1. Any idea how many residues of segment 89-101 are over 15 Å from the mean Cα position of the chain (by Cα), on the phi < 0 side of the Ramachandran plot and not charged (D, E, K, R)?
2. Given the criterion open to solvent by 30 Å² or more (accessible area, probe 1.4 Å), more than 20 Å from the chain's Cα centre (by Cα) and on the phi < 0 side of the Ramachandran plot, identify the matching residue among LYS259, LYS304.
3. Considering (1) more than 27 Å from ALA219 (Cα to Cα); (2) surrounded by fewer than 20 Cβ atoms within 10 Å (Cβ to Cβ); (3) touching a helix residue (DSSP H, G or I) at 6+ places or on another chain (Cβ under 6 Å), say which one TRP97 fails and leave the rest.
4. Report whether or not GLU190 is under 19 Å from ASN206 (Cβ atoms) and in contact with a Gly (Cβ under 6 Å, 6 or more places away or on another chain).
5. Give the residues of segment 119-143 that are at pLDDT 95 or above and open to solvent by 50 Å² or more (accessible area, probe 1.4 Å), sorted by residue number.
6. Could you list, in sequence order, the residues of segment 269-300 that are aliphatic (A, V, I, L, M) and open to solvent by 10 Å² or more (accessible area, probe 1.4 Å)?
7. Over 23 Å from GLN309 (Cα atoms), open to solvent by 10 Å² or more (accessible area, probe 1.4 Å) and in a strand (DSSP E or B): is that true of LEU187 in this structure?
Amino acid sequence: MPYHSSCPTKRSILYISCILLASYHSALQAKPNDKSEIKIRGKSMELSQQQVSAQRIAKEDSLQKSSSSNKKEPRGKSTKSSGFTDALTQFDYSHWWASDGWHNGFPFVNRWQADAISHSSEGMQLTLSNQGTLAAPDWVSGELRSHEYRGYGCYEVSMKPAARAGVVSSFFLFASPYDVAPNGNGLHHEIDIEFLGDNTNFMQINFWRNGEPASGENALLIPLQFDAALDFHRYGIRWSSGKIQWYVDGLLVHQVNSKASPYIPTTSESTLMAMMNIWATHEDISTWAGEFDPELGASESYYKDFSYQTLKQCQF
């Protein structure tokens, strides 16, 4: 993984993407002694033993709940070779688990907590809120992760992000040195759909392969024909060998292939888990997603009708 010091100094999409690459799932704490030069203690992706244990326990707890609540239903439907759909109206422990008991460090202001995820007949709600506890940080949020690491295919969800400066709502595919797929090489691979809360008329996309590019040069803002925070719309990723395509309401809005970029993840190096989350950004990256104002209270992002289909099955 690249070090934070390798990031561009200019505040830009490239700069922010680089910081996220260096910070996601790290135990590093922000150390903004000089706001003109953000510094982080230690090396990127260094998890404390407590956080490794918390992550393991969270997943084992979810698997245990899956075993006890689905005794009559085989888990074969969640294998990597077959597709599945989930309305997200209840927590399906056979497919998903909740991040619980750790935080990523800078530039994330919040920590992850399982009870920040809720379900209803309308779908799933991820809530970012201030718990007012002594633990640091006080802000907690929800993050949903798939048990299975899957390969090429179509990943899709209906989503309504939070419209709040400094808040990011996401749907993405992911693997890392601390989230290693059974076939994975232990490096960082990711394909993103993100909404920056200060302007939800845009969707940001991004992707990495083997932790590269360190500069985050693949980040791109896609203009939408609507405000994504006002209603549910369908967002999709079609991942295939040598190509990534992004869809909005069934329409192709952007694509990249291996001739244009060497950074498209491949299943030979790692399959990827599906993830959804909402998080608050540190003030030192306010030029990216806006400045987070803690006085505004809680924020929510909403998801429903998740779908994964293999390439042979998938269509938008």
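The values are calculated or read from the model by the stated rules, or taken from the named source; none is laboratory data. Not measured: the values here are computed from a predicted model. Please note: Cβ atoms are built from the backbone with ideal geometry, for glycine as well, and neighbour counts cover all protein chains shown. To get the accessible areas, we keep the full protein, side chains included, count just its heavy atoms, and leave off ligands, DNA and RNA. Shrake-Rupley method; radii C 1.70, N 1.55, O 1.52, S 1.80 Å.
1. Residues meeting the conditions: 6.
2. LYS259
3. Evaluating TRP97 over (1) more than 27 Å from ALA219 (Cα to Cα); (2) surrounded by fewer than 20 Cβ atoms within 10 Å (Cβ to Cβ); (3) touching a helix residue (DSSP H, G or I) at 6+ places or on another chain (Cβ under 6 Å) leaves (2) as the failure.
4. Working: under 19 Å from ASN206 (Cβ atoms): yes; in contact with a Gly (Cβ under 6 Å, 6 or more places away or on another chain): no.
The answer is no for GLU190.
5. Selection gives HIS119, SER120, SER121, GLU122, GLN125.
6. Of everything in segment 269-300, those that are aliphatic (A, V, I, L, M) and open to solvent by 10 Å² or more (accessible area, probe 1.4 Å) turn out to be LEU296, ALA298.
7. no
Residue by residue, here is whether (1) within 17 Å of GLU143 (Cβ to Cβ); (2) outside any strand (DSSP E or B); (3) open to solvent by less than 50 Å² (accessible area, probe 1.4 Å) holds:
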{"residue": "SER158", "(1), (2), (3)": "no, no, yes"}
{"residue": "ALA165", "(1), (2), (3)": "no, yes, yes"}
{"residue": "VAL168", "(1), (2), (3)": "yes, no, yes"}
{"residue": "PHE207", "(1), (2), (3)": "no, no, yes"}
